[in-house]
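Notes follow the structure.
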Number of protein chains: 2
Amino acid sequence: MKVNLNPAKGMRDFTPQEKEIRDYVENVIVSTYKQSGFNLIETPVVENIENLIGSKGGENLKLIFKILKRGEKLDFSKTDICEDDLADLGLRYDLTIPLSRFYCKNQSNLPSVFKALQVGNVFRAERAQKGRYRSFKQCDIDIIGDGSSAAELELITTTAKALTALNVTDFVVRFNDRRVLKAVILNCGFLDNEFDSVCIIVDKLDKIGMSGVESELKGKNYNEECISKLMDALENISKNGTRCLSSYSVPEDVISDVEKIMNDVKDYANGKYDIEFDFTLIRGMGYYTGSIFEIAYKNLGYSIAGGGRYDEMVGNFIGQQIPAIGFSIGFERLVNQLIEEKFKVPNLEKVVLLFEKSDSYINVMKKADELRSQGYTVSVYEKSKKLGKQLNQFDGYGFSKYAVFSGDDTEVKSLS
Amino acid sequence: MKVNLNPAKGMRDFTPQEKEIRDYVENVIVSTYKQSGFNLIETPVVENIENLIGSKGGENLKLIFKILKRGEKLDFSKTDICEDDLADLGLRYDLTIPLSRFYCKNQSNLPSVFKALQVGNVFRAERAQKGRYRSFKQCDIDIIGDGSSAAELELITTTAKALTALNVTDFVVRFNDRRVLKAVILNCGFLDNEFDSVCIIVDKLDKIGMSGVESELKGKNYNEECISKLMDALENISKNGTRCLSSYSVPEDVISDVEKIMNDVKDYANGKYDIEFDFTLIRGMGYYTGSIFEIAYKNLGYSIAGGGRYDEMVGNFIGQQIPAIGFSIGFERLVNQLIEEKFKVPNLEKVVLLFEKSDSYINVMKKADELRSQGYTVSVYEKSKKLGKQLNQFDGYGFSKYAVFSGDDTEVKSLS
């Protein structure tokens, strides 16, 4: 048998210690979301390939893991075989497509406004590099069927609540709206078909600065006057916020939507965190139609949560108009950051109960149960001859206490 | 876009109601196992294909979902393309192979006796039929590195504890040992290479009865005398249990192992459940080397948990001798059975808080938080004009209470 002990490239095993912190974080997020009335659903990691390929996933479509057809359906006799002849299934690359499919299928059994919670792994055949994985976890909440700004308020404040429950507090919500972006950029004289590529350059502002944005725009040979108007707009909006948006033909109802959401979040947050209007927040996905938002944590240079309104995606499946909005916590980034900050899972009292070969094992197990009924997590192991060395090892495995079995006199002691 | 709203064939979406009971059951099992000192690990659902294909998985090898190579590695230019040229990854068909790989890779950072807990989905491209899924959950505990019968005792009693915690109590542990099976069948005169196929026939005893077994054995043209000796042995062992095993050349240490385990389990169970020696318990996997066991629940005709000792599998990866033993709860069978029995997840107090469009949404959210701080799970929804109809619907979505927002006077009432 060929021996390869590594997990598949870009994927990870998790040891008990890693799993403990991951499960704790997931559990806090999920219970916060559930208590806030979001409904946990589950969809398979495998989807019919046409649902993945037919989606507006942009670059992600190139990263799909495709699953070979089986049995007679796998036909090599054709000349010019191509990938699409061979695969009928694929691993999902996000949770939004499965959610949309789920909602459309189960619509008649769901509340007309459906508040969904989904936690699961998604798969992308990315070039493997540090901190970028081919299988990673997402925690999404979505509200389907509510076009009002109450949905924005609920998603943002609930995501903030989940982070706060993890003692992640030093964060800021960045907020923008696709309709604002579009109005301003068109108002500067850019054409409709230039919108996406102008956005891609504006998105880099925090990395390359104003002059960098200007020279990249010039490098694309856009009209000089448009560029100069846009540079003025960037400065003006950054200084004056939403107040100046009407001078760029941003519709009044859009401005009042944005201002209402921001004021409501501020009111609700009551100083615990802030929300900022950020005209340079773009978010890549082509499917966003309205508000877009992220949560920036400390000075990490990347966001730990992101989302927005995608009013045209769910309905696409069944030819209806269905408003929808989602907010996704980047679970891997969040956990990696917490580990970096030496985050400790609270209240773990793990005891190792050591016994001699000569002890009655059944009595050892009964003693273990007695300790468990006192709230301890108890592992039973045979005592080794070198007790000190053994105790050091168990310290490393995450135990905090130990006991050497001696019937009724068994005593729980601290390991360190 | 081609519209297919169904999940992939043989796989399932889970609605909030289904997910609630599944999560509750999983949570009880996992927390019982963790409190008993088993260490939760996680491995990817995707494995390198050679680890799957090279395993002793028997029939399961034909059911592997294989993943297409990507980019330049996917080469169609070869003549006579076959499946194995095209796939480099596959979906795991059990949790034991990933566990073995994990243990061998991380051995130096794990206790010498490693008590593992794994919960996850496995994938088999079975012919789809009712109650048989292509993606299903397994909950496994395994003890690696302990060849003593303490491991059997711990796995059996801990699995029983998890079931008991779910109020599943009306069960019996069936126990056998591969070494007993082998000794008795050879003692009757069958040849070594006939062992597996004789086992397959004996396995059917509860379905086809003694006469059925006898005629199937005759149909295979085995020696008449061997068949008649085996039929006598079946009757004798069924009547007299382990006491008569020594008359079939079963080694004394094997008999005393079996008897010790059974006595210890009985002692520990203290009448809450029973353990029975069952010589007709076979369990299909070729990798079992010693004790094998199942848990039979009521008169279901199938087991809800099964396992055994596989002392040669883990070590195979790295050319060492490493004893190992596992017990797996068939999660889907267990959950389906509980649902059939109208199992209710305890202590759910789900409240729907209804508001009018004219209410201040921020005040509604603050009221929702106030109720959450009292322990309720609260969903916020706009009140519809037909309140009675709306309340009926929320009753169906699993809510037990409701409140209509009216500031400080908001009152939580029962839905039914």
Notebook entry, point to check: Remind me, relative contact order of segment B:350-414 in percent, using alpha carbon pairs under 8 angstrom and six or more residues apart?
Noted result: 44 percent
Note to self: Sequence gap at least 6, Cα distance under 8 Å: using those rules, report the relative contact order of chain A to the nearest whole percent.
What the structure shows: 16 percent
Note to self: Using only the alpha-carbon atoms, how far is helix A:252-269 inclined from the longest principal axis of chain A? Give it as 0 to 90 degrees, nearest 10.
What the structure shows: 30 degrees
Next item on the list: Starting from segment B:321-416, pick out the GluC sites (Glu not before Pro) whose DSSP state is loop and whose Cβ has at most 13 other Cβ atoms within 10 Å.
Entry: B:GLU341, B:GLU356, B:GLU411
Notebook entry, point to check: What is the mean number of Cβ atoms from other protein chains located within 10 Å of the Cβ atom of each residue in peptide B:109-115, rounded to a whole number?
Noted result: 5
Note to self: Can you compute the FRET efficiency between A:LYS182 and B:SER358 using 1/(1 + (r/R0)^6), with r the Cβ-Cβ distance and R0 = 35 Å? Round to the nearest 0.05.
What the structure shows: 0.65
Item checked: Antiparallel content of DSSP bridges confined to segment A:350-414, in %, to 5 -> 15 percent
Note to self: Quick check on chain A: of the DSSP beta bridges with both residues there, what percent are antiparallel, nearest 5%?
What the structure shows: 70 percent
Next item on the list: Between A:GLU26 and A:ASN6, take the C-beta separation as r, use R0 = 22 Å, and let me know the FRET efficiency to the nearest 0.05.
Entry: 0.35
Next item on the list: Please work out the C-alpha center-to-center distance from segment B:300-348 to segment A:180-253 and express it in whole Å.
Entry: 59 Å
Notebook entry, point to check: In segment B:16-340, with Lys and Arg counted as +1 and Asp and Glu as -1 at Cβ, which of these residues, B:THR157, B:GLY131, B:ILE143, has the Cα nearest the positive end of the dipole, that is, farthest along it?
Noted result: B:GLY131
Note to self: Quick check: the angle from helix B:387-396's long axis to the longest principal axis of chain B, C-alpha only, nearest 10 degrees?
What the structure shows: 20 degrees
Next item on the list: Give me the angle, in degrees from 0 to 90, between the Cα long axis of helix A:96-106 and the longest principal axis of the Cα atoms of chain A, rounded to the nearest 10.
Entry: 90 degrees
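Is there a simple number for the mean count of other chain Cβ atoms within 10 Å of the Cβ of residues in B:263-276, and what is it?
Counting Cβ atoms of other protein chains within 10 Å of each residue's Cβ and averaging gives 1.
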Item checked: Label point 7 Å beyond Cα along the C-beta direction, distances from A:ASP206 to other copies (nm, shortest first) -> 6.1
Checklist line | Two-site FRET efficiency, B:SER108 against A:LYS386, from Cβ-Cβ distance with R₀ of 22 Å, rounded to 0.05 | finding: 0.80
Notebook entry, point to check: Hey, in the GNM for chain B with a 10 angstrom Cα cutoff, which one of B:LYS367, B:LYS34, B:LYS260 fluctuates hardest?
Noted result: B:LYS367
Check: With charges only on Cβ, +1 for K and R and -1 for D and E, what is the dipole size of the protein assembly as shown about its Cα centre, in debye, rounded to 20?
Finding: 60 debye
Next item on the list: Run through the other copies and list how far each one's label point is from that of B:GLY407, in nm with one decimal, shortest first; the point sits 7 Å from Cα along Cα-Cβ.
Entry: 7.1
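If you put +1 on each Lys and Arg Cβ and -1 on each Asp and Glu Cβ, how big is the dipole of segment B:16-340 around its Cα centre, in Debye rounded to 20?
Details: 39 positive and 49 negative charges, 148 e Å.
Around 700 debye, computed over segment B:16-340.
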Next item on the list: Take the alpha-carbon centre of segment B:7-75, take the same for segment A:56-89, and report the distance between them in whole Å.
Entry: 22 Å
Next item on the list: Tell me the distances, shortest first, between A:ASP75 and the same position across the other copies, using label points 7 Å along Cα→Cβ, in nm to one decimal.
Entry: 2.7
Item checked: Per-residue Cβ neighbour rank within 10 angstrom, fewest leading, A:LYS66, B:LYS401, A:LYS366 -> A:LYS366, B:LYS401, A:LYS66
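Using the number of other C-beta atoms within 10 angstrom as an exposure proxy, rank A:SER358, A:SER215 with the fewest first.
A:SER358, A:SER215
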Margin query: Within 10 Å of each Cβ in A:14-22, how many Cβ atoms from other chains are there, averaged over the peptide?
Written below: 5
Checklist line | Lys/Arg +1, Asp/Glu -1 at C-beta; segment A:350-414 dipole; positive extreme among A:SER406, A:VAL364, A:VAL352 | finding: A:VAL352
Margin query: What aspartates and glutamates does A:LYS56 reach when the alpha-carbon gap must be under 12 Å and sequence neighbours fewer than 8 apart in one chain are set aside?
Written below: A:ASP94, A:GLU312
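Within segment A:118-207, which trypsin sites (Lys or Arg not before Pro) sit in a loop by DSSP and count at most 14 neighbouring Cβ atoms inside 10 Å?
A:ARG127, A:LYS130, A:LYS204
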Next item on the list: For a label point 7 Å from the Cα of A:ASP267 along Cα→C-beta, name the residues of segment B:331-365 whose backbone N is under 12 Å from it.
Entry: B:359-365
Check: Cross-link list A:LYS357/B:LYS34; A:LYS366/B:LYS260; B:LYS9/B:LYS204: which exceed 20 angstrom alpha carbon to alpha carbon?
Finding: A:LYS357/B:LYS34; B:LYS9/B:LYS204
Next item on the list: Would you calculate, for the protein assembly as shown, the mean residue ellipticity at 222 nm contributed by helices, counting each DSSP H stretch of 4 or more residues as -39,500 (n - 2.57) and dividing by all residues, to the nearest 500?
Entry: -12000 deg cm²/dmol
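Each value in this text was obtained by applying a stated rule to the coordinates, not by laboratory testing. Keep in mind that what you see is a predicted model, and the values were worked out from it rather than measured. We place every Cβ from the backbone using ideal geometry, glycine too, and count neighbours over all the protein chains shown.
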